[in-house]
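A.B. asks: Okay, here's the structure, questions in a sec.
The values are calculated or read from the model by the stated rules, or taken from the named source; none is laboratory data. Remember, it's a predicted structure, so these values are computed and weren't measured experimentally. Note that we place each Cβ from the backbone using ideal geometry, even for glycine, and neighbour counts take in every protein chain shown. What goes into the accessible areas is simple: the full protein's heavy atoms, side chains included, and nothing from ligands, DNA or RNA. Shrake-Rupley method; radii C 1.70, N 1.55, O 1.52, S 1.80 Å.
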Amino acid sequence: QVLTSMPVLAAPLILTIVAIIGKIVAGFGLSKKDGDPWVVGYGMIPRGEVGLVFAAVGLGAGAISKEFYGIVVLVVVLTTAIAPILLRRRLSQTAASRTHHHS
């Protein structure tokens with residue numbers, strides 16, 4: 001019931017988008033010689049385990065609500081699921097680009 005209320009469904013989607021954009025922007029802090037900023041950004045997307053631990057501790061201590069905990073869990077699940085898809089797509093593009101340039 002907690003995970004099906006509208007704020008708990010909308011908030012993770014918004015937070016997931018913000019998290020993904022933030023990680024991608026952070027990837028562009030690299031210089032081009034240090035690697036592909038897209039790969040680095042996509043690789044950082046599923047870094048929600050620390051948030052999950054803190055949320056679990058907060059829930060156990062009564063510092064956060066079940067709704068907020070549900071939001072954190074959904075964001076972690078969404079970011080963990082999307083990262084491999086984005087990475088696979090980018091790495092395929094990079095490999096195809098290298099093959100095309102070397103031909």
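A.B. asks: Relative contact order of the chain: what whole-number percent is it, with Cα pairs under 8 angstrom and at least 6 residues apart?
C.D. replies: Relative contact order, the chain: 32 percent.
A.B. asks: Based on DSSP H runs of at least 4 residues, each adding -39500 (n - 2.57), what is the mean residue ellipticity at 222 nm of the chain after dividing by all its residues, to the nearest 500 deg cm²/dmol?
C.D. replies: -26500 deg cm²/dmol
A.B. asks: Starting from the exponent 0.38 and prefactor 2.2 Å, build the expected Rg for the chain from its residue count and divide its actual Cα Rg by it. If you can, show how the numbers build up before the last one.
C.D. replies: Numbers: Rg = 17.1 Å, N = 103, 2.2 N^0.38 = 12.8 Å.
Normalised by 2.2 N^0.38 Å, the Cα Rg of the chain equals 1.33.
A.B. asks: Averaged per residue, what accessible area in Å² does the chain show with a 1.4 Å probe, protein chains only?
C.D. replies: Counting only protein heavy atoms, the per-residue value for the chain is 67 Å².
A.B. asks: Give me the percent of accessible area attributable to carbon and sulfur for region 16-72, probe 1.4 angstrom.
C.D. replies: 72 percent
A.B. asks: Of the peptides 35-47, 68-80, 13-25, 52-64, how do they stack up when ordered by the mean number of other Cβ atoms within 10 Å, highest first?
C.D. replies: 68-80, 35-47, 13-25, 52-64
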